[in-house]
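Notes to accompany the following structure.
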Amino acid sequence: MSSVATRAIALLHPGAMGVTVGATLAASGHRVGWLVEGRSAATRRRAEEAGFQPFDDLEALLAGADGVVSVCPPDAALDVAGRVAGSRFAGTYVDANAVSPDTARRLESLFGARLADGGIIGPPAHRSGTTRLYLSGPAAAEVAGWFRADPLAVIALDGPVGAASALKMCYAAYTKGSTALLLAVRALAEAEGVSAALLDEWRISQGGLAERSEAVARGSAGKAWRFVGEMHEIADTFESAGLPGGFHRAAADLYQRMTPLKDENADLADVLALLLQRA
Ligand SMILES: NC(=O)c1ccc[n+]([C@@H]2O[C@H](COP(=O)([O-])OP(=O)(O)OC[C@H]3O[C@@H](n4cnc5c(N)ncnc54)[C@H](OP(=O)(O)O)[C@@H]3O)[C@@H](O)[C@H]2O)c1
């Protein structure tokens, strides 16, 4: 184990967001390791550029780790946690993924008081002031203390496991839910042949909405594959609170149709073709 100030952190995995979480930990003086097994060339390149230590084997990575930070697609969060819980790892586990409070509480059953529930709001943290990691649960204050540098800001909420995830679900319910709604409306107008008239009316009465629909198409197309699981986590969160989950089940269906655009620089025309299943 490391000294109190310097910790060994296993990052699972250095994706677009994860690498910036790891970079903040490294800038805070910690050693960051990552697991090569199963990861793509893009993740390898990010991890190498950040100077993280590679490990070929999960047990080897975890053997020397004080903490694990999970930043992966939301629908893989339980699987990643299960692999760590099935090892001899005895340190602190941080789940920073966009999962429902119920999913976070399932993680608590694996890690108990060693769990910090997390939710990240903002884009990958390449500069200060853009991105916050919210934490809750018994290990939240300890984990917040790991982060002593920029650019990622860390905020420990005074709440149980589930609170940070609930905050993330509420935030993304609006941002990604409204994006899906806007794209669905553009697709419907196209299907009904009223796109030009709708854009004219928006310019009269809904300033900026036409431009916003173009921008959200470009911004979401390449990442839509990852939003599918997140939309189901949000729908589960609504339903657990006795609210309808249908908005976000439908958003999941829309994002599912966009998955062929994974990692592409696509625009509204590409998105509409897929939503209308004309691609
Ligand atoms: N990007 C954002 O703007 C943003 C904003 C807020 C919150 N977040 C949260 O951050 C998390 C990750 O997002 P990201 O942007 O880093 O995604 P990403 O760039 O797609 O990276 C995901 C990482 O997880 C790995 N991965 C892919 N499939 C996996 C699987 N089945 N099991 C385990 N690992 C897998 C990827 O490896 P490969 O390279 O091998 O695919 C990659 O290293 C999500 O929970 C998301 O909600 C992201």
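The values are calculated or read from the model by the stated rules, or taken from the named source; none is laboratory data. In this text the structure is predicted, and so the values were computed from the model without any measurement. Quick reminder, even Gly has a Cβ in these numbers, built from the backbone with ideal geometry, and neighbours come from all protein chains shown. Surface accessibility is based on the protein's heavy atoms, side chains included, excluding ligands, DNA and RNA. Shrake-Rupley method; radii C 1.70, N 1.55, O 1.52, S 1.80 Å.
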Per residue, how many Å² of accessible area does the range 142-245 show with a 1.4 Å probe?
49
Tensor-based shape of the range 50-122 (alpha-carbon gyration tensor, a/c under 1.5 rounded, otherwise prolate or oblate):
oblate
For the range 154-247, the Kirkwood Rh over every pair of distinct alpha carbons, in Å, works out to 15.2
On the protein heavy atoms, probe 1.4 angstrom, tell me the percent of accessible surface of the range 33-123 carried by carbon and sulfur.
48
Most positive-pole-ward Cα, Gly177, Ala163, Val228, against dipole of the range 160-232 from beta carbon charges
Ala163
Using alpha-carbon positions, the gyration tensor of the range 28-157 gives root eigenvalues a ≥ b ≥ c; with a/c under 1.5 called rounded, otherwise prolate if a/b exceeds b/c, else oblate, the class is rounded
Semi-axis lengths, Å, the chain, gyration tensor of Cα atoms, sqrt of 5 times eigenvalues
36, 20, 17
Let me spell out the model: positive unit charges on the Cβ of Lys and Arg, negative unit charges on the Cβ of Asp and Glu, origin at the Cα centre of the range 131-279. What dipole size does that give, in debye rounded to 20?
160
Quick check on the range 104-160: what does the Kirkwood estimate of hydrodynamic radius come out to from the alpha carbon pairs, in Å?
11.7
Taking a label point 7 Å from the Cα of Arg218 along the Cα→Cβ vector, which residues of the range 237-279 have an amide N closer than 11 Å to it?
266-268
Distance between the range 51-107 and the range 176-222 - C-alpha centres, whole angstrom:
38
Inter-probe distance in nm under a simple model that places probes 7 Å from Cα toward Cβ, at Leu181 and Arg106:
2.8
To the nearest 20 debye, the chain has a Cα-centred charge dipole, built from +1 on Lys and Arg Cβ and -1 on Asp and Glu Cβ, of 440
How big is the range 20-80 along each principal axis, measuring the range of its Cα positions in Å and listing the largest first?
30, 25, 22
Using the beta-carbon distance between Asp253 and Ser128 and R0 = 41 Å, what value does 1/(1 + (r/R0)^6) give for FRET efficiency, to the nearest 0.05?
0.65
Of the accessible area of the range 158-268, computed with a 1.4 Å probe and all protein chains kept, carbon and sulfur make up a percent value of 56
Just subtract the alpha-carbon distance of Asp267 and Gln53 from 0.36 nm times their residue separation and send over the number in nm, one decimal.
73.3 nm
Once the Cβ-Cβ distance between Glu142 and Ala196 is put in as r, and R0 is 51 Å, what FRET efficiency do you end up with, to the nearest 0.05?
0.35
Taking the chain as a Gaussian network, Cα atoms linked when under 10 Å apart, which of Asp75, Asp158, Asp95 shows the biggest mean-square fluctuation?
Asp158
Rounded FRET efficiency, nearest 0.05, which uses the C-beta distance separating Arg203 from Asp150 and R0 of 41 Å:
0.50
For the chain, with the dipole built from +1 on Lys and Arg beta-carbon atoms and -1 on Asp and Glu ones, taken about the Cα centre, which of Leu78, Val36, Gly119 lies farthest toward the positive end?
Val36
Please state, rounded to one decimal and in Å, the Kirkwood hydrodynamic radius that the range 163-208 gives when every pair of distinct Cα atoms enters the mean of 1/r.
12.2
Note down the net charge around Asp75, summing +1 for each Lys or Arg and -1 for each Asp or Glu among other residues with Cβ under 10 Å from its Cβ.
-2
